[in-house]
Structures are given as C-alpha cells and as structure tokens.
Amino acid sequence: MKIEEFQQALVNIVSQFQTADYDTRHLLLDLSEKILALAEQAPDLLPDHFKSEWKSICREVDEVQPTFKSHRKTSILLDREGMGQPGRQRANAIITRIVALSKSVNRLKNEENSPD
C-alpha cells in the first residue's frame, strides 16, 4: 500500500469519527473492522515511529473487541464500572491517537509533495 492510500484510508476513518453523533465506545467498535483491516498495511516508506504507533493503536483496538462478536457487551469498553466512564475514556484516547496519526501522515505526505 502506498502512503497516499494509507493516508486516505485514515482520513476516511477520521471523517467517520468526526461526523458520528453517538457513544464513542460504539463508534470505535463499529469502525474497528476497518481499522484492523489496515493493521498490517502500513506502507514501507512510512517512518518507523509512525509504523510503531499504528501497530500499537491496532493492538489496543484488538484488545477492546468483544469476546463474542454478536454480544457487544462482552467488550471491555462496555464494562459498567464507573458508569462506563473508563470505557469512554479509553475509546476517546484511541480515537485521539488515530486522528493524531492521520494528521501526522498527512503532514508527511504534504512535506514530500512540497517543492523545496
């Protein structure tokens, strides 16, 4: 996968995050298949620290998947402890990391395309 394709896939995910108007825990679970589909597709030309961050994000997204796909409540994001606040905070943190990585990849792409 080229950097442009990877960046566009991230932009698509981020735009869905930004336009959604429901609980971030469910939003993250809804988009987790798209995120995990990109897990091993980070381009070779992407800097190592970006690849490392992406793998870390994907590991964390994988960790919060429901034990049983048909029962969302088996996800640790939907644990009722603290009225669901820890799950919401974790989902927000993961989403924030994805948005930040998307912006960084976009900046990298723009730097490569800018004339010196």
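The values are calculated or read from the model by the stated rules, or taken from the named source; none is laboratory data. Owing to the predicted nature of the structure, the values given are computational and were not obtained by experimental measurement. Cβ placement follows ideal geometry from the backbone for every residue including glycine, while neighbour counts extend to all protein chains displayed. In case anyone asks, the SASA skips ligands and DNA or RNA and just uses the protein heavy atoms, side chains included. Shrake-Rupley method; radii C 1.70, N 1.55, O 1.52, S 1.80 Å.
For the stretch 1-89, place one equal point scatterer on every Cα, skip the solvent, and apply the Debye formula. What is log10 of I(q)/I(0) at q = 0.11, 0.13, 0.17, 0.25 Å⁻¹? Here log10 of I(q) over I(0) equals -0.35, -0.48, -0.77, -1.28.
The lysine pair tally for the chain, using Cα distances under 30 Å and a gap of 8 or more places or different chains, is 18. Of the accessible area of the chain, computed with a 1.4 Å probe over protein heavy atoms only, carbon and sulfur atoms account for 50 percent.
Counted as membrane-span-like here are DSSP H helices of the chain whose alpha-carbon atoms extend 15 Å or more along the helix's own axis and whose Kyte-Doolittle mean is -1.0 or above; these are 3-19, 24-37, 85-113.
Farthest towards the positive end of the charge dipole of the chain, among the residues 45, 93, 15, is the Cα of 93, using unit charges on the Cβ of Lys, Arg, Asp and Glu.
For Cα pairs less than 8 Å apart in space and 6+ apart in sequence, what is the mean separation divided by the residue count of the chain, i.e. the relative contact order in percent? Please report the intermediate quantities before stating the final value.
Working: 92 pairs, mean separation 38.2, N = 116.
This gives 33 percent for the chain.
A DSSP coil position with no more than 16 other Cβ atoms inside 10 Å describes the following trypsin sites (Lys or Arg not before Pro) in the stretch 1-52: 2.
Please report, in debye to the nearest 20, how large the charge dipole of the stretch 1-112 is about its Cα centre when each Lys and Arg carries +1 at its beta carbon and each Asp and Glu carries -1 there.
Values: 16 positive and 17 negative charges, 67 e Å.
Rounded to the nearest 20 debye, it is 320 debye.
In this structure the chain gives 62 Å² per residue of accessible area when probed at 1.4 Å with all protein chains present.
Determine the shape class of the stretch 53-93: with a ≥ b ≥ c the square roots of the Cα gyration tensor eigenvalues, call it rounded for a/c under 1.5, and otherwise prolate if a/b is greater than b/c, oblate otherwise. Mind dumping the intermediate values first?
Values: a/c = 3.47, a/b = 1.25, b/c = 2.79.
Cα axes put the stretch 53-93 in the oblate bin.
What shape does the stretch 41-116 have by the C-alpha gyration tensor, where a ≥ b ≥ c are the square roots of the eigenvalues, rounded means a/c under 1.5, and otherwise prolate means a/b greater than b/c and oblate the rest? Prolate shape, in that a/c is at least 1.5 and a/b is the bigger ratio.
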